[in-house]
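Visitor: Below you'll find the structure I mean.
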Amino acid sequence: MPIKNRDRFPDVDFLPDDQIKPVGDVGGVTLVLVGKEQGSDAPVVALSRTDDPASEELSPVSLESLLKFSQDPINLPGLQ
C-alpha cells in the first residue's frame, strides 16, 4: 500500500491504489486524491512527487487542513 499511517485515519475510506488520481497541485507538486472522510465525503489528499503515485509512500492529509496551513498556492482543477 502506498499510503502510510493509514491506521491514524480510522474515519477515512481510502481508495484502492489504482483509483488514486491527480486532482491538482500545491506549489508545483502534484496533489492526489487518496480517500474521503466517512460521513462527510471530505477529500483526503497527499503530495505525489512522481508520475506513479502507486509506487510512492504517500502521507495523507485532509484537504481542509492543507487549505488552512499551506504557504504555497493550491490549484485543484481535478476535484469535483
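Visitor: Within region 69-76, does at least one residue satisfy the condition of being without any contact (Cβ under 8 Å) to a residue 60 or more places away in the chain, charged (D, E, K, R) and not in a loop (DSSP other than H, G, I, E, B)?
Guide: Looking for residues that are without any contact (Cβ under 8 Å) to a residue 60 or more places away in the chain, charged (D, E, K, R) and not in a loop (DSSP other than H, G, I, E, B), one finds none in region 69-76, hence no.
Visitor: Now a separate question. List every residue pair whose Cβ atoms lie under 8 Å apart, where the two residues are 6 or more positions apart in sequence or sit on different chains, the first residue falls within region 36-51 and is crowded, with 18+ Cβ neighbours inside 10 Å, and the second residue, located anywhere, is aromatic (Phe, Trp, Tyr) and part of a loop (DSSP other than H, G, I, E, B).
Guide: Going by the 8 Å Cβ cut-off, the qualifying pairs are VAL44/PHE9.
Visitor: ALA54 passes all but one of (1) outside any loop (DSSP other than H, G, I, E, B); (2) touching a strand residue (DSSP E or B) at 6+ places or on another chain (Cβ under 8 Å); (3) among the hydrophobic types (A, V, I, L, M, F, W, C); which number fails?
Guide: Only one criterion in (1) outside any loop (DSSP other than H, G, I, E, B); (2) touching a strand residue (DSSP E or B) at 6+ places or on another chain (Cβ under 8 Å); (3) among the hydrophobic types (A, V, I, L, M, F, W, C) is unmet by ALA54, namely (2).
Visitor: Looking at region 9-27, which of its residues are in a loop (DSSP other than H, G, I, E, B) and surrounded by fewer than 16 Cβ atoms within 10 Å (Cβ to Cβ)?
Guide: PRO10, ASP11, PRO16, GLY27, listed by residue number.
Visitor: For SER48, state whether it is under 13 Å from the mean Cα position of the chain (by Cα) and modelled with pLDDT under 95.
Guide: yes
The values are calculated or read from the model by the stated rules, or taken from the named source; none is laboratory data. Worth saying up front: this structure is predicted, and the values here are computed from it rather than measured. Cβ coordinates were reconstructed from backbone atoms using ideal geometry, including for glycine residues, and neighbour counts include every protein chain displayed.
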